[in-house]
Amino acid sequence: MIAHLGDADLDRFRGIIARRLGLQFDDAKLGLLADVLHRRVEASGQSPDAYLWHLESARPASGEPALLARDLTVTETYFFRNREQLRALTESALPSLASPPTGGRPLRILSAGCASGEEAYSLAIALREATPELARGASIQAVDVNPAALEQARRARYSAWSLRDTPAETRTRWFRAHGREFLLDAAVREAVVFEERNLIDEHPDFWQPNAFDVVFCRNVLMYFVPESAQALVGRIARALVPGGYLFLGHAETLRGLSQDFHLRHTHSTFYYQLKTAAERSAGPEAATAALSTLPSPAPLPALVGESESWVDTIRRAADRIQALADGPSPPDRSGHSAGVEAAKPAWDLSGSRELLRQERFGAALELLQALPPESAGDPEVLLLRAALLAHSGQLARAEALSRELIERDELNSGGHYVLALCREGAGDRAAAVEHDRIASYLDPSFAMPRLHLGLLARRDGDPAAASRAFEEALALLQKEDASRMLLFGGGFSRGALIALCRAQIAACGGRP
């Protein structure tokens with residue numbers, strides 16, 4: 001039987017996949033979905049409508065969702081992928097868990113979305129090589145929805161391609177040739193328990209409180225619909241011990257998903273540590289910074305001085321690179337400023353934003369001060385106040401508000417960027433770089449932290465790093481949100497900042 005699929009069948013199938021597996025597929029992936037649906041309908045011997053009805057009503061034990069997972073999930077991985085995360089685990093995270101948090105009991109690690117097992121086995125090897133005392137008795141559980149991948153993981157035979165980033169000494173020690181493949185050492189195989197499990201399902205028996213010390217859930221959330229991703233992070237938070245660690249993929253963040261974790265940055269990688277129960281239950285501190293009327297600053301300069309900070313550039317000079325060519329920014333259709341990870345504010349900030357566009361910073365602050373006192377702790381109000389203060393050169397007060405904002409919302413990319421400006425103004429370039437990197441990680445589409453990193457790198461005599469940062473900023477500026485340009489662009493238009501990046505790339509010896 002040849003199945004004839006319509007657009008309605010494909011839309012229905014996409015919705016079922018989102019509900020049953022938590023996976024999201026945009027329009028660019030409709031061809032893949034159509035191919036998979038066609039194969040499964042043909043294999044079932046049913047009509048598309050009958051197959052989709054069965055899929056909607058099938059219990060997990062029926063096996064069809066698992067078969068779809070095999071066709072729809074990405075299983076490409078390799079040993080010691082993102083090795084810096086393994087170093088962060090063994091050199092930073094585990095030492096903090098070695099005494100009071102574990103109480104001397106064996107370590108418990110979960111590899112969620114383990115695919116064909118390379119990640120889980122890499123964890124077992126890393127423990128044995130770096131912390132043999134913790135490896136003894138350690139429990140490593142690995143779960144995935146794809147039964148074919150799990151079967152491969154249990155066989156523990158891998159190609160040379162899977163070992164492409166494995167150090168030669170490690171390969172010699174833990175693998176032996178098995179025909180054209182490599183068989184993993186039995187001791188490592190026995191250290192990992194694999195289990196078929198759909199991460200979208202609640203499974204309260206599995207996600208029990210304090211069940212794990214460390215969870216690796218890399219390159220999973222990026223494929224989930226937002227609701228499923230948020231629910232999974234909530235289950236992970238419930239199952240981690242207080243102070244336990246969560247490692248995500250490099251392209252993934254908890255921004256907009258959870259406020260239950262501290263962001264950590266060591267070994268050139270980002271990861272998360274679960275807050276204690278007291279930290280999660282305590283409300284944020286009340287606002288303490290009292291703002292007064294501020295005079296309007298001098299206009300912006302035509303060029304960035306070699307010895308000036310970016311905030312000095314914004315504050316001091318008398319001429320602009322270019323008149324504000326973009327015109328008034330339209331109201332933010334998303335209901336919040338770009339870069340602010342918060343719900344739609346209850347406060348009307350349009351007047352202050354218009355005064356910001358006119359660079360009447362003192363008047364904008366006066367308007368913010370006229371808001372009701374309960375607005376003081378609103379993340380959007382805090383960020384707008386901090387940005388206005390930074391633009392006007394009131395860096396100490398801008399920093400106080402930025403830190404208060406980050407205390408309330410640790411994953412606020414805009415707050416970290418303003419704090420980077422303040423730290424540069426205080427002469428602390430290392431902290432400025434750190435907060436720019438955090439802002440860039442939390443929001444990969446945010447152009448200004450990369451531009452600032454380029455300026456910092458050039459002043460530190462690193463033209464190669466500066467050129468890379470300017471090139472990244474240049475690409476992002478083309479699509480940067482207009483409201484975020486207004487808030488963080490320092491008064492420069494989009495065209496002016498693009499011209500600045502190109503000039504800086506040329507000055508660094510690159511091709512703009």
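The values are calculated or read from the model by the stated rules, or taken from the named source; none is laboratory data. From a predicted model like this one, the values you see are computed outputs, not experimental measurements. Virtual Cβ from ideal backbone geometry, glycine too; neighbours counted across all protein chains shown.
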Count - residues of region 407-422 that are of a type in the set (Asp, Glu) and either assigned to a helix (DSSP H, G or I) or over 25 Å from residue 440 (Cβ atoms) (or both): 1
Matching residues in region 374-390 - criterion: being farther than 12 Å from residue 361 by Cβ and charged (D, E, K, R): 374, 378, 380
Residue match in region 83-96 (condition: within 30 Å of residue 202 (Cβ to Cβ), touching a helix residue (DSSP H, G or I) at 6+ places or on another chain (Cβ under 9 Å) and not aliphatic (A, V, I, L, M)): no
Tally, over region 76-91, of residues that are assigned to a loop (DSSP other than H, G, I, E, B) and surrounded by fewer than 17 Cβ atoms within 10 Å (Cβ to Cβ): 1
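Which of the residues belonging to region 244-260 are in contact with a helix residue (DSSP H, G or I) (Cβ under 7 Å, 6 or more places away or on another chain) and farther than 25 Å from residue 21 by Cβ? Don't jump to the end; show me each part of the working.
So in region 244-260, the residues in contact with a helix residue (DSSP H, G or I) (Cβ under 7 Å, 6 or more places away or on another chain) come out as 245-249, 251-255, 257-258, 260.
Scanning region 244-260 gives a single hit, 245.
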Residue ranges of helices (runs of 4 or more DSSP H) in region 291-406 with at least 3 members modelled with pLDDT under 80: 310-316, 350-357, 361-369
Residue 212 being in contact (Cβ under 8 Å) with a residue 24 or more places away in the chain, buried (at least 20 other Cβ atoms within 10 Å of the Cβ) and within 13 Å of the chain's Cα centre (by Cα): no
Enumeration of residues in region 423-440 that are out of contact with any Pro (no Cβ under 9 Å at 6 or more places or on another chain) and in a helix (DSSP H, G or I): 423, 424, 425, 429, 430, 431, 432, 433, 434
Yes/no for residue 74 being of a type outside the set (Phe, Trp, Tyr) and at pLDDT below 80: yes
